[in-house]
1. Do we have T342 as modelled with pLDDT under 90, open to solvent by 50 Å² or more (accessible area, probe 1.4 Å) and under 28 Å from the mean Cα position of the chain (by Cα) here?
2. Count, please, the residues in the stretch 263-290 that happen to be among the hydrophobic types (A, V, I, L, M, F, W, C) and out of contact with any Ser or Thr (no Cβ under 7 Å at 6 or more places or on another chain).
3. What are the pairs, 6+ residues apart or on separate chains, where a residue within the stretch 273-295 that is touching a residue at least 24 places away in the same chain (Cβ under 8 Å) and closer than 24 Å to R417 by Cβ has its Cβ under 6 Å from a residue that is surrounded by fewer than 19 Cβ atoms within 10 Å (Cβ to Cβ) and among the polar types (S, T, N, Q)?
4. Here are some conditions: (1) open to solvent by less than 70 Å² (accessible area, probe 1.4 Å); (2) without any contact (Cβ under 8 Å) to a residue 60 or more places away in the chain. V220 meets all but one. Which one does it not meet?
5. May I ask you to verify whether A244 is within 30 Å of L478 (Cβ to Cβ) and in contact (Cβ under 8 Å) with a residue 12 or more places away in the chain?
6. Can you tell me which condition A44 does not meet? The list is (1) touching a Leu at 6+ places or on another chain (Cβ under 7 Å); (2) assigned to a strand (DSSP E or B); (3) farther than 26 Å from T148 by Cα, and all the others hold.
7. Would you call S37 among the hydroxyl-bearing types (S, T, Y) and either surrounded by fewer than 13 Cβ atoms within 10 Å (Cβ to Cβ) or in contact with a Pro (Cβ under 7 Å, 6 or more places away or on another chain) (or both)?
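The values are calculated or read from the model by the stated rules, or taken from the named source; none is laboratory data. Values in this document were obtained by computation on a predicted structure and should not be read as measured data. All Cβ positions, even for glycine, are placed from backbone atoms using ideal geometry, and neighbour counts span all protein chains on display. Surface accessibility is based on the protein's heavy atoms, side chains included, excluding ligands, DNA and RNA. Shrake-Rupley method; radii C 1.70, N 1.55, O 1.52, S 1.80 Å.
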Amino acid sequence: MRWAWLALGLVSLPSWAEAGDGRALTYEEALTQALESNPSLRRARLDRDAAQSSVLSARGQFDPTLGIDGSWRQSRSKGFFQGFPFDSESRSWDLGTNVRGSVGTGTSYSLDAGLDRNFSSFTTNFGGVGASEQIQDAYTSNMSVSVTQQLLKGLRTSFNLQNVTRARQGLTTAELSLEKARQDVLAQTAAAYWAWFYQERLRAIAEESSANAEEDLRVVALRVEAGDLPPVERTRLEAALVQAQASALDAADSAQKAADDLLLLIGGTPGESLAPASKPGDVRPLELDVEAALGVALAQNLDLALARAQLEAAELDATNARHARLPSLSATGSAGIGAQDTTASAALSGVFDSDAFPFLSVAGSFSVPIGNRAARGESERLAITESQRRNSVTELETSIGSQVRQQVRVLESSRRRVELADANLRLAEETLDAEEALAQVGRKIQKDVLEARTQVDRTRAEAAKARTDYRLAEVELLRLQGQLTEE
């Protein structure tokens, strides 16, 4: 839910480029450029992209594997059979293929198929009877399937999918971090823009004050020469002009530094000449619902969302660690069928004939570490981590609640300060008009006029500061609520 009362004055701001002759930059343009070019945001986007790749990689652990293997062998040997010498020669080859994999239920499988040929020749010399040769030549084919199921550790789907879950949690954290970086950049840019606006107003005030001091000195110098005023009045105005010119130089340096700070945030080049093209705008009366503002912050604050995501990950890790303390128990069932013949085609088709020879096997495996200290220690460690993160979430909720309530008070106070600053400026200007009128008829000395003009300059600066402070208070409340946008 968007809070319209928090966006008052931040959109459709009037154009203002009084200070300087540089490129006019609006508030919205500064925020948009920051989102496009800020270095920290680029890094956060790369982290998010890397997390997406990690999810793809984690899912790949359940991709089936296709294997193809083959071999060829030839050998010769000599020996004696019942006292008669013999020679033997054998040649063999085999070709097999398989598909293996596993699923999240703790089940692994293997599908195998193969074909091999064995050729053997035995030649025995029986003396006067002569030599006798025996030949064996056969093709053998087989097809089989094997399934292994975990019955204790590894039976939980969440345990087997924990790498995928961690990768997804990493992606969620990266996306939240990216959004937090985005909110931070918007808040920093907003603060920099209004700080720059304020410094530019101070520069404009200082330059105007310098120009007024120069004109006052010219007028008073003529009156001193005419004998209407004592020379000390000219001395006072000369000192005031020097002070005004020094203040104008300081204000110009501060304005350029504020502009450079903003340029760094929006990807610009420090030293570029800019002029603010947006005003803080008028401040309208507001009635803030503290509890409603707090509810939005607790639901959408990004620091809190990150802490909750970390707590969720810790809870899952603790659950999986408790499961990992179980012994390993698995059952394996295998079944297949085979055939043998004198030709490859007959052996391959033979597995589908009624006289093919089947086979079946069942096996089991059980293992447990004696003491199981590694699993028990890891489970206890992760349980403590879960408790720590739960406490962190609770503390952060309390802290954010306090910050939101304080920021609402600051926003209301800032609005009131704008009203007071405007009233103070109006009174200071009226006082200056009166002092100048009295000085014209000789009822006030020039020192009183200078003091009144200094007070006007000070109240003008205070009025500008009050408005920028109000906008910064708005930005901070929106940041706490996770609602900052480039609009």
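1. no
2. Within the stretch 263-290, the first condition is being among the hydrophobic types (A, V, I, L, M, F, W, C), and the residues that meet it are 263-266, 274-275, 277, 283, 286, 288, 290.
Applying the additional criterion that residues be out of contact with any Ser or Thr (no Cβ under 7 Å at 6 or more places or on another chain) yields 264, 274-275, 283, 286, 288, 290.
Residues that pass the stated criteria total 7.
3. Note: pairs meeting the criteria are S278/T26.
4. Condition (2) is where V220 drops out.
5. Numbers: within 30 Å of L478 (Cβ to Cβ): no; in contact (Cβ under 8 Å) with a residue 12 or more places away in the chain: yes.
Considered against the rule, which asks whether it is within 30 Å of L478 (Cβ to Cβ) and in contact (Cβ under 8 Å) with a residue 12 or more places away in the chain, A244 comes out as no.
6. Result: A44 fails condition (2) only.
7. Working: among the hydroxyl-bearing types (S, T, Y): yes; either surrounded by fewer than 13 Cβ atoms within 10 Å (Cβ to Cβ) or in contact with a Pro (Cβ under 7 Å, 6 or more places away or on another chain) (or both): no.
Taking the combined requirement at face value, the residue does not satisfy it.
One line per residue, one yes/no per condition, for (1) in contact with a helix residue (DSSP H, G or I) (Cβ under 9 Å, 6 or more places away or on another chain); (2) buried (at least 17 other Cβ atoms within 10 Å of the Cβ); (3) of a type in the set (G, A, S):
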| position | (1), (2), (3) |
| --- | --- |
| T97 | no, no, no |
| I135 | no, no, no |
| T148 | no, yes, no |
| S177 | yes, yes, yes |
